[in-house]
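Colleague: Sharing a structure below in structure tokens format, with a few things to ask.
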Amino acid sequence: MTQARPDAVIEFRNVSFRLPNGKSLLDGLSLQARRGETLVLLGRSGSGKTTTLKMVNRLLNPTAGEVRVEGKATVAWDPIRLRRRIGYVIQEVGLFPHLSIAENVGIVPRLEGWERERIAARARELLDLVGLPPDRFAARAPRELSGGQRQRVGVARALAADPPILLLDEPFGALDPITRSEMQKEFRALEERLGKTMLFVTHDVREALILGSRVALLRDGRLAFLGEPREFLRSDDAEARAFVESSASPALREGGA
Amino acid sequence: MSFLDFLVTNRREVLGLTLEHLGLVGVSTGIAVAIGVPAGILLTRWRALRDPILGLANILQTVPSLALFSFLIPLHVSLFGARVVGGLGAQTAVAALVLYALLPVIRNTTVGIEGVDPAIREAARGMGMTGREILRLVEIPLALGVIVAGIRVATVISVGTATIAAAIDAGGLGRYIFRGLRMNDTNLVLAGAVPAAALALAADFLLGRAERLFAPGGARRRRGLVAAVIVAALALGAVVAAQVAGGGGGGAGGRAAARIAVGSKDFTEQIILGEIVAQAIEARTGLEVVRRFDLGGSLAHQALVAGEIDVYVEYTGTAWTAILGGERLTDPAEVLRRVRAAYAERFDLEWTEPLGFDNTFAILVRGEVARRLGLRTISDAASHAPGWRAGFGQDFLSRADGYDGFVPAYDLRFAERPREMDLSLTYRALAEGVVDLIAGNSTDGLIARLDLVQLADDRRYFPPYDAVPVARRQMLARHPEVRETLRALGGLITVDEMRAMNLAVDGEHSSPREVAMQYLKRKGITAATSDPF
């Protein structure tokens, strides 16, 4: 078993997860995310990336081993308190269609009982941060926005209560290539500004190498590789090589190095 | 009188019945929403209950209204000292309407909440909403359009089904519709059906607007206003219904023990007889009488057994075959003796003195035909039947003492299979020559009016249907003067007199109350000078 490092914000200790029907989705996973880093979970569909992510905010509980967040096992956390400390962004975004953009962004502060003025100010601040001028966007409905704009709102919403941890599940997966590439660049800038601990799920190796401080490669519910992007490109691991070769292009070297 | 004239002349009554109707619909839909929405939410949390509860609501919707009433009337469900389910009147009609309205409300609530995009629900969970917060902030707001759609369906259904409330003396527009159908009076039917249709369309329109407003993305600022309007409409309904219940309520088991509740079935003759019994009791005993008329199907019998009414007029043959399930008998004295004994033993009810006439099936032909061929009995007609067509009501065709035994008893053959049609239409069909022989009721006023002739039942096929007041023995023991009054009515009414009274109401549109009053004065049952009201 790996030794906990003092700056490990999220730690998986020999974690396994089985469905009630016995099917194994994760098998003996151990890894840590350090304070302020973006750890990318990379893997094919069904490799266990999303399952791993959902165990951090207790949407799922391990069937063996334990997940620790800020030094405390998730099962020992009150799930509601735990989730309010963790921003969560999913591919489908999940904006509430009956609320305005500003109300969507302000929902967690509202749950936390903030005052109205403070919520409104925070929503404007965050919309600015994700590049949606609040004067134009705050009062609009989610369905009036493009996919990329909605995804920005999703990120702003996850950041609203200033959680120290952010979980992102293929946040740019449904976007067209150009928008996607723009969002990745902006997200990189955001990473540096915010200094949050992030767990970022993707099946896109380019995205993993651009955004991750480290990459964790999953295969069939096991950790196949864990290291910095530079090391990933040189890895002998067959799955890592398959990923690198699948999308080898000049842009990759440019972005990942 | 044209339909519009009728509306203008009777505008107060039309408005009153419309408000009653609205009250029944508003209260029952309000209760169905108060029960159905939480139940629908519960089903999304407790999945094992989903299929059993929705299945039960489904079955409830298929139960015919009269069957549901006969189940509800004997119940005694009280809340804060007031009877909320059971007996005759608005509370039982509301209970039935609630049961019918539950399915669309529960189903739409469940389906609406289940239909919320799983990604949205997961986002809500992931950001740390509790189950209650997810329900309040996400699921209910998103399902609201579908829930309102369910309420809309329930309301429109209720406007239609509330017409059956008239069958248990709960008022509403069904009064006009059923009275009109019975009396073959188009104006009356329209006076009930047109306001009911207008109510249904208005409810559908308003709730349709509400549905769009409450759908995700609707104009949220106006929701408060619409919600307020709907709540106000329901409150108005509740107030009206409370007045209806207060005004029409209080049967035999009510507050004043000295009140006698007189019932009747739902056709003209029964209402006249109900008035005769009621007015005779009022005039001769001084007791206060409550009228619970127009009870559909066998509800009068059930209301009597349940103590909801104290007396109504029943027919010996009907009691013997339909209620007691006895085999066919033809001797009137024998049938009366048997029903009297069986009712005393099984129901603690007393058959008093026969009123004097027999309302049996009357085999009718056109008077002109009878005179030309010299027909007096059914046997006389048998030889002509192969050239004739016959038309019968559903009742005659389906009863044990009806068509199936009748044809072999007289060895009848008709030119073609008998036509099945509504009883009131058979008279017209016979008079106009569409058919040549029908089975009517022997006391029907139309027999004389349309120049029809009743052929004698010379082989005594039909059981006797002597009209006799049936009363609760408990009430008679407490009020011997009522028994005296009913005895005074014994043997009073001849078939011709009954026909004349039926014709006065059905044909000349006199009120049953007036017809009964004139008759009792003429017969000296009530003093000509005394005022029975």
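Just so it is clear, none of the values below were taken in a lab; they were calculated from the coordinates. Predicted, not measured: the structure shown is a model, and the values here were computed from it. Cβ: placed from backbone, ideal geometry, glycine included. Neighbour counts: every protein chain shown.
Colleague: Give the lysines reachable from residue B:523 as a straight Cα distance under 29 Å; neighbours fewer than 8 places away on the same chain don't count.
Modeller: Within reach: B:265.
Colleague: Further question: If you plug each phi of region A:27-38 into the Karplus form 6.51 cos²θ - 1.76 cosθ + 1.60 with θ = phi - 60°, what whole-Hz ³J(HN,Hα) values come out, in order, with x for Gly and Pro?
Modeller: Per-residue couplings from phi come out as 9, x, 7, 10, 6, 10, 10, 8, 4, x, 9, 10 Hz.
Colleague: Cα-based count: Lys pairs in chain A below 20 Å, eight or more positions apart or different chains?
Modeller: Numbers: A:23/A:49; A:23/A:54; A:49/A:196; A:54/A:72; A:54/A:196; A:72/A:196; A:185/A:196.
So the count works out to 7.
Colleague: Can you quote the Å³ per residue value for the convex hull of the Cα atoms in chain A, rounded to an integer? Display every interim value, and only then the final one.
Modeller: Working: hull volume 34.5 nm³, N = 257.
Dividing the Cα hull volume of chain A by its residue count gives 134 Å³.
Colleague: Sort B:21, A:98, B:384, B:479 by Cβ crowding within 10 Å, fewest neighbours at the top.
Modeller: Details: B:21 30, A:98 23, B:384 14, B:479 18.
Arranged by neighbour count, lowest to highest, B:21, A:98, B:384, B:479 become B:384, B:479, A:98, B:21.
Colleague: Using the number of other C-beta atoms within 10 angstrom as an exposure proxy, rank A:172, A:187 with the fewest first.
Modeller: Details: A:172 25, A:187 22.
Listed from fewest to most nearby Cβ atoms, that is A:187, A:172.
Colleague: Treating the Cα atoms of region A:106-192 as identical point scatterers in vacuum, please give the log10 of the normalised Debye intensity I(q)/I(0) at q = 0.18, 0.20 Å⁻¹, two decimals.
Modeller: -0.82, -1.00
Colleague: Which percent of Cα-Cα pairs in region B:79-230 sits in each 10 Å bin, short to long?
Modeller: 11, 28, 28, 20, 10, 3, 1
Colleague: Taking the Cα atoms of region B:55-115, what is the range of coordinates along each of the three principal axes, in descending order and whole Å?
Modeller: Here the Cα extents, ordered largest to smallest, are 41, 28, 15 Å.
Colleague: Taking neighbour counts of Cβ atoms within 10 Å as a proxy for exposure, in what order, fewest first, do A:166, B:88 appear? Each step should come with its number before you reach the end.
Modeller: Working: A:166 22, B:88 29.
Ordered by Cβ neighbours within 10 Å, fewest first: A:166, B:88.
Colleague: By per-residue mean of other Cβ atoms within 10 Å, what is the highest-first order of A:30-43, B:512-525?
Modeller: Result, highest mean first: A:30-43, B:512-525.
Colleague: Taking only DSSP H segments of four or more residues, each worth -39500 (n - 2.57), what value at 222 nm results for chain A once the sum is divided by all its residues, to the nearest 500 deg cm²/dmol? Numbers along the way, then the final one.
Modeller: On the way: 12 runs with 102 residues, N = 257.
Calculated from helices alone, the mean residue ellipticity at 222 nm is -11000 deg cm²/dmol.
Colleague: What does the structure give for A:96-103 when I average, per residue, the other chain Cβ atoms found within 10 Å of the residue Cβ?
Modeller: Details: counts 10, 9, 14, 5, 1, 0, 0, 0.
Mean partner shielding for this stretch: 5.
Colleague: Would you kindly derive the ³J(HN,Hα) couplings of region B:27-43 from the backbone phi angles with the Karplus curve 6.51 cos²θ - 1.76 cosθ + 1.60 (θ = phi - 60°), listing them in order in whole Hz, with x for Gly and Pro?
Modeller: With the stated coefficients, region B:27-43 comes to 5, 5, 5, x, 5, 4, 5, 4, 8, x, 5, x, 4, x, 5, 4, 5 Hz.
Colleague: Calculate one ³J(HN,Hα) per residue across region B:128-137 by plugging θ = phi - 60° into the Karplus curve 6.51 cos²θ - 1.76 cosθ + 1.60, and present them in order as whole Hz with x for glycine and proline.
Modeller: x, 7, 6, x, 5, 5, 4, 4, 6, 8
Colleague: How far is it, in nm, from the label point at residue A:188 to the one at residue B:8 when both lie 7 Å from their Cα along the line to the Cβ?
Modeller: 8.6 nm
Colleague: Report, in deg cm²/dmol and to the nearest 500, the calculated mean residue ellipticity at 222 nm for chain B, where each DSSP H run with n ≥ 4 adds -39500 (n - 2.57) and the sum is divided by the residue count. Write out the running numbers ahead of the final one.
Modeller: Numbers: 23 runs with 304 residues, N = 533.
My calculation for chain B gives -18000 deg cm²/dmol from helical runs alone.
Colleague: Hey, could you pull the Cα Rg and Dmax for chain B, both in Å?
Modeller: Answer for chain B, Rg first and Dmax second: 27.1, 94 Å.
Colleague: Quick check on region B:106-166: what are the equivalent-ellipsoid semi-axes from the Cα gyration tensor, as sqrt(5λ), descending, whole Å? Display every interim value, and only then the final one.
Modeller: Details: eigenvalues 219, 18, 10 Å².
Semi-axes from the Cα gyration tensor: 33, 9, 7 Å.
Colleague: At 1.306 mPa s and 10 °C, plugging the Kirkwood radius over alpha-carbon pairs of region B:1-157 into Stokes-Einstein gives what diffusion coefficient in µm²/s? Provide the component values of the computation, followed by the final result.
Modeller: On the way: Rh = 17.8 Å.
It comes out at roughly 89 µm²/s.
Colleague: I've got another one for you. Put +1 on the Cβ of each Lys and Arg and -1 on the Cβ of each Asp and Glu in the protein assembly as shown; which of B:526, A:201, B:17 then has its Cα farthest toward the positive end of the dipole?
Modeller: A:201
Colleague: Continuing with this model, one more query. Would you kindly calculate the translational diffusion coefficient of region B:371-439, applying Stokes-Einstein with the Kirkwood radius from alpha carbon pairs, for 4 °C and a viscosity of 1.567 mPa s, and quote it in µm² s⁻¹ without decimals?
Modeller: Approximately 105 µm²/s, per Stokes-Einstein.
Colleague: How big is the gap, in Å, between the Cα center of region A:140-205 and the Cα center of region B:294-310?
Modeller: 71 Å
Colleague: What is the diffusion coefficient of region B:330-431 in µm²/s, taking the Kirkwood radius over Cα pairs and the Stokes-Einstein relation at 10 °C with a viscosity of 1.306 mPa s?
Modeller: Values: Rh = 16.2 Å.
Rounded to a whole number, D works out at 98 µm²/s.
Colleague: On average, how many beta carbons from a partner chain sit within 10 Å of the beta carbon of a residue in B:118-124?
Modeller: Working: counts 2, 6, 8, 1, 7, 13, 6.
That works out to 6 on average.
Colleague: Using only the alpha-carbon atoms of region B:6-85, report the extent along each of the three principal axes, biggest first, to the nearest angstrom.
Modeller: Principal axes ranked by extent give 57, 29, 27 Å for the Cα atoms.
Colleague: Another question, if that's okay. Find the centroid of the Cα atoms in region B:102-180 and in region B:439-502, then give the distance between the two in whole Å.
Modeller: Each part reduced to its Cα centre gives a spacing of 49 Å.
Colleague: Positive end of the dipole of the protein assembly as shown, charges at C-beta (+1 Lys, Arg; -1 Asp, Glu), about the Cα centre: which of B:403, B:289, B:225 has its Cα farthest in that direction?
Modeller: B:225
Colleague: Additional query: From other protein chains only, count the Cβ atoms within 10 Å of every residue's Cβ in A:84-95, then give the mean. Present the calculation step by step, with values, prior to reporting the outcome.
Modeller: Numbers: counts 3, 1, 3, 2, 7, 3, 5, 1, 6, 3, 12, 4.
Counting other chains' Cβ atoms within 10 Å and averaging over A:84-95 gives 4.
Colleague: Also, quick follow-up: Percent of Cα-Cα pairs per 10 Å bin, from 0 to the last occupied bin, for the protein assembly as shown, please list those.
Modeller: The distribution over the protein assembly as shown is 2, 11, 16, 15, 12, 9, 8, 8, 9, 6, 2, 0, given as percents.
Colleague: In Å, what Rg and Dmax follow from the Cα atoms of region A:38-130?
Modeller: Both quantities, over Cα of region A:38-130: 15.9, 45 Å.
Colleague: For region B:367-516, what log10 I(q)/I(0) values come out of the Debye formula at q = 0.09 1/Å, with one point per alpha carbon and no solvent?
Modeller: -0.38
Colleague: Shifting gears a bit: I'd like the distance separating the alpha-carbon centroids of region B:11-82 and region A:18-70, in whole Å.
Modeller: Between the Cα centres of region B:11-82 and region A:18-70 lies a distance of 50 Å.
Colleague: May I ask for the Rg/Rh ratio of region A:78-141, computed from Cα atoms with Rh as the Kirkwood radius, given to two decimals? Numbers along the way, then the final one.
Modeller: On the way: Rg = 12.2 Å, Rh = 12.5 Å.
Checking Rg against Rh, the ratio lands at 0.97.
Colleague: Within region B:66-148, list the chymotrypsin sites (Phe, Trp or Tyr not before Pro) lying in a DSSP loop whose Cβ has at most 11 other Cβ atoms in a 10 Å radius.
Modeller: On the way: sites: B:69, B:71, B:80, B:100; in loops: B:80.
Answer in residue order: B:80.
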